[in-house]
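Enquirer: Encoded as structure tokens, here's the structure I'll be asking about.
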Amino acid sequence: MTPIRSVTIAALASAVLATTLTGCQFGAAEQDTSPIVIAVDLELSGSAAPVGKAYQRALELKVDQLNGSGALGARKIELKVKDNRSDASESLRNIGDFSNDSQVSAIIMGGCNECAVGAARTINEKKIPTIALASSSAVAAPVADRRYLFKLAPNAADSAAALTTELRRRGIRKVTVLNSDDSYGREGLDVLRREFDKTNIKLLSDQSVKTTDTDVRQQVATLAARNAEAMVVWTPPEQAMLAAGAAETAGFTGSLFFDASAAGELFLGAASRSAERATLIFTQTMVIDDVIATTPAKAARRQWFQDYTARFGGYNGFSSFAADAVQLIADAELRADGEPGRAGRDGLRNVLETSQMDGLSGPIRMTPDNHSGLMPQALTTLVARGGRWRLAG
């Protein structure tokens, strides 16, 4: 919600006096027309390109909506987008260029964990507010070393807790895990082990895959041979679908459980048959058309789902994080103290650090002690049914 800008007593008195003397109507203050420039570092080519392009579509749609809504007054958001080619070194160069551009108010980074973690020092030194869409806890912690870096994505600990709760509810006690060999995948395996240790769930075996791997059959076959009741897949979306197919080929008859990082397109396409036994932990936005819009927040999520699908012919679960990042920056820019029309990067950072909103992804709360904004309540249980994701139950 756009705050009403304060008017100084002196300015108000002068305006009233001028109106009295001239008989003219009290006029509005001159409107701020300066652009809000947001730089964007995305994986538009390379191994993570499908998710990066989904983020780009979401960013462009959200900016069009905000610019056309009048919520920013006479101001408009402008995006400056660069491709990091799914490479942390290229991403760091982009961040350096963006931070040296005085027109840029803030940066949005994509889902590359290594890119965000690798750029953390530069972001802090350059003092440029940055929201990363990556999931690793190292993106936003420790806060002392991440004062200008925030993240909007499901947290590994929250996802693991929700997965474990669902496994227990179904009475599953023997599990294997396939995880990506990156910071988020390794973190996922660690937090799953901790959650399982609190219960009677036994981890029989685990296998890792590189994020660039396009063949996961060997690892999945190894896990399938353990005859577990469930296989947890903690990988990016494309590999999760490959794993579902490989599990079917290997004769695995147990259940598949996907972490939030495995979310992607709403419709499962060629993987629909093999993924029919899958359960996904993700945000409600993915299946908001299954939810009755009983609150303004749910109504906004439903409208976003409809607008995205109308423009792009399908839906991607990650889109809401990108849209929420734009909204957070726009709100912070308007709220921040500073010169009229330009809050300044420090002012923007200070507001971001205390931001709260019921976003398209779910409830978001930033605090000085926690720069990872997505609340655990945002996660829910989805199931694959009829070739697409549906709300469980």
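Enquirer: Between the range 136-187 and the range 189-211, what's the alpha-carbon centroid distance in Å?
Expert: Between the Cα centre of the range 136-187 and that of the range 189-211, the gap is 11 Å.
Enquirer: If you average the sequence gap of Cα pairs under 8 Å that are 6 or more apart and divide by the length of the range 288-380, what percent do you get for the contact order?
Expert: On the way: 92 pairs, mean separation 18.3, N = 93.
Answer for the range 288-380 is 20 percent.
Enquirer: Given q = 0.20 Å⁻¹, what are the Debye log10 I(q)/I(0) values for the range 323-393, with equal point scatterers placed on the Cα positions and solvent ignored?
Expert: -0.82
Enquirer: Heavy-atom accessible area per residue, the range 256-383, 1.4 Å probe: how many Å²? Let's see the in-between values first.
Expert: Numbers: 4730 Å² over 128 residues.
Ligands and nucleic acids excluded, the figure is 37 Å² per residue.
Enquirer: May I pose another question? Run through every distinct alpha carbon pair of the range 213-345 and return the Kirkwood hydrodynamic radius in angstroms, one decimal place. Write out the running numbers ahead of the final one.
Expert: Numbers: mean 1/r = 0.0580 Å⁻¹.
Hydrodynamic radius (Kirkwood, Cα only) of the range 213-345 equals 17.2 Å.
Enquirer: For the range 286-294, in order, what is each residue's ³J(HN,Hα) by Karplus, 6.51 cos²θ - 1.76 cosθ + 1.60 with θ = phi - 60°, in whole Hz (x at glycine and Pro)?
Expert: Ordered by residue, 3J(HN,Hα) equals 4, 10, 5, 6, 8, 10, 6, 7, 8 Hz.
Enquirer: Under 16 Å from the 7 Å Cα→Cβ point of THR214, by amide nitrogen: which residues of the range 157-192?
Expert: Counting backbone N atoms under 16 Å from the label point, the list is empty.
Enquirer: Kirkwood Rh, the range 113-265, all Cα pairs: how many Å? Spell out each step's value before the answer.
Expert: On the way: mean 1/r = 0.0621 Å⁻¹.
Mean inverse Cα-Cα distance, inverted, gives 16.1 Å.
Enquirer: Using the scaling law 2.2 N^0.38 Å as the reference, what is the normalised Cα Rg of the range 43-103? Spell out each step's value before the answer.
Expert: Details: Rg = 13.9 Å, N = 61, 2.2 N^0.38 = 10.5 Å.
Taking the Cα Rg and dividing by 2.2 N^0.38 Å, one obtains 1.32.
Enquirer: Let me ask something additional. Under 8 Å for C-alpha pairs, at least 6 residues apart: give me the relative contact order for the chain, rounded to a whole percent. Walk me through the numbers on the way to the answer.
Expert: Working: 788 pairs, mean separation 62.0, N = 393.
Relative contact order, the chain: 16 percent.
Enquirer: Carbon and sulfur together cover what percent of the accessible area of the range 112-210 at a 1.4 Å probe radius? Write out the running numbers ahead of the final one.
Expert: On the way: 1730 of 4010 Å².
Solvent-exposed carbon and sulfur of the range 112-210 make up 43 percent of the total.
Enquirer: How large is the helix-only mean residue ellipticity at 222 nm for the chain, computed as the sum of -39500 (n - 2.57) over DSSP H runs with n ≥ 4, divided by its residue count, in deg cm²/dmol to the nearest 500? The partial results should precede the final answer.
Expert: Values: 11 runs with 153 residues, N = 393.
Using -39500 (n - 2.57) per qualifying helix, the result is -12500 deg cm²/dmol.
Enquirer: Leaving ligands, DNA and RNA out of it, report the carbon-plus-sulfur percent of the accessible area of the range 261-389 at a 1.4 Å probe. Kindly include the intermediate steps, with their values, before the conclusion.
Expert: Working: 2460 of 4950 Å².
Of all accessible area on the range 261-389, carbon and sulfur atoms account for 50 percent.
Enquirer: Based on the Kirkwood radius over alpha-carbon pairs, what is the Stokes-Einstein translational diffusion coefficient of the range 269-355 at 4 °C with 1.567 mPa s viscosity, in µm²/s? It would help to have the intermediate numbers written out before the result.
Expert: Numbers: Rh = 15.6 Å.
For these conditions, the coefficient is 83 µm²/s.
Enquirer: Under 8 Å for C-alpha pairs, at least 6 residues apart: give me the relative contact order for the range 22-161, rounded to a whole percent.
Expert: 23 percent
Enquirer: Now a separate question. With θ taken as phi - 60° and the coefficients 6.51, -1.76 and 1.60, list the Karplus ³J(HN,Hα) couplings across the range 56-66 in order, rounded to whole Hz; mark glycine and proline as x.
Expert: Per-residue couplings from phi come out as 4, 4, 5, 4, 5, 5, 5, 5, 4, 5, 5 Hz.
Enquirer: Kindly state, as a whole number, the per residue volume in cubic angstrom of the convex hull around the alpha carbon atoms of the range 175-258.
Expert: Working: hull volume 6.1 nm³, N = 84.
Cα-based convex hull of the range 175-258, divided per residue, equals 73 Å³.
Enquirer: In sequence order, what are the phi-derived ³J(HN,Hα) couplings for the range 314-325 according to the Karplus relation 6.51 cos²θ - 1.76 cosθ + 1.60 with θ = phi - 60°, rounded to whole Hz, with x for glycine and proline?
Expert: The phi angles translate into x, 9, 10, x, 6, 4, 5, 5, 5, 5, 5, 4 Hz.
Enquirer: Here's another thing I want to ask about it. Percent of Cα-Cα pairs more than 29 Å apart in the chain, please. The partial results should precede the final answer.
Expert: Values: 34264 of 77028 pairs.
In whole percent, the long-distance tail amounts to 44.
The values are calculated or read from the model by the stated rules, or taken from the named source; none is laboratory data. Because the structure is predicted, anything quoted here is derived from the model rather than measured. Don't worry about glycine lacking a Cβ; one is built from the backbone with ideal geometry, like all the others, and counts go over all protein chains shown. Areas reflect the complete protein model, heavy atoms only, side chains present, ligands, DNA and RNA absent. Shrake-Rupley method; radii C 1.70, N 1.55, O 1.52, S 1.80 Å.
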